[in-house]
Structures are given as structure tokens and as C-alpha cells.
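First the structure, in the form of C-alpha cells, and then the observations on it.
The values are calculated or read from the model by the stated rules, or taken from the named source; none is laboratory data. Source: prediction; values computed, not measured. When we count neighbours, we look across all protein chains shown, and the Cβ atoms used for this are built from the backbone with ideal geometry, even at glycine. When the accessible area is computed, the model is the full protein with side chains, heavy atoms only, and any ligands, DNA or RNA have been set aside. Shrake-Rupley method; radii C 1.70, N 1.55, O 1.52, S 1.80 Å.
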Amino acid sequence: MTDGSYFASREEHERALSRQAADCRAAEAHAEMAERYEALATIFGAKRLASPPIDYL
């Protein structure tokens, strides 16, 4: 498994945890982690952002 694919799989897992969380604070924390993993997956070439954030470059 490459670094990029690892981060992409972690993103998917965190998004699933966010959807399943009963507490809104936990859901937000998992969603934030998913965003961070998504950024890392993009940096390591496993994912492409459709519209990169303004501060991406």
C-alpha cells in the first residue's frame, strides 16, 4: 500500500465514522480528520481534488 492509498482509505473510514456518530461533536471531529486525510491523499497522488481550496498551492 502506498502512502497515498493509505491516506485515501483513512479518509473513507473517517467519513464513515462521521456519518455513524451519534454525537455531533464526534461527527465534526471525524469529518475534520477526513478532510486532513483527503488533503494528504491528494498530496501523495492517490486522489485529485475537483476544485482545490484557494490556499492549496
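State the number of residues belonging to region 1-28 that are in a loop (DSSP other than H, G, I, E, B) and not β-branched (Val, Ile, Thr).
Here the count works out to 4.
For region 10-37, how many residues are farther than 16 Å from Arg48 by Cβ and either open to solvent by less than 80 Å² (accessible area, probe 1.4 Å) or under 9 Å from the mean Cα position of the chain (by Cα) (or both)?
The qualifying residues number 18.
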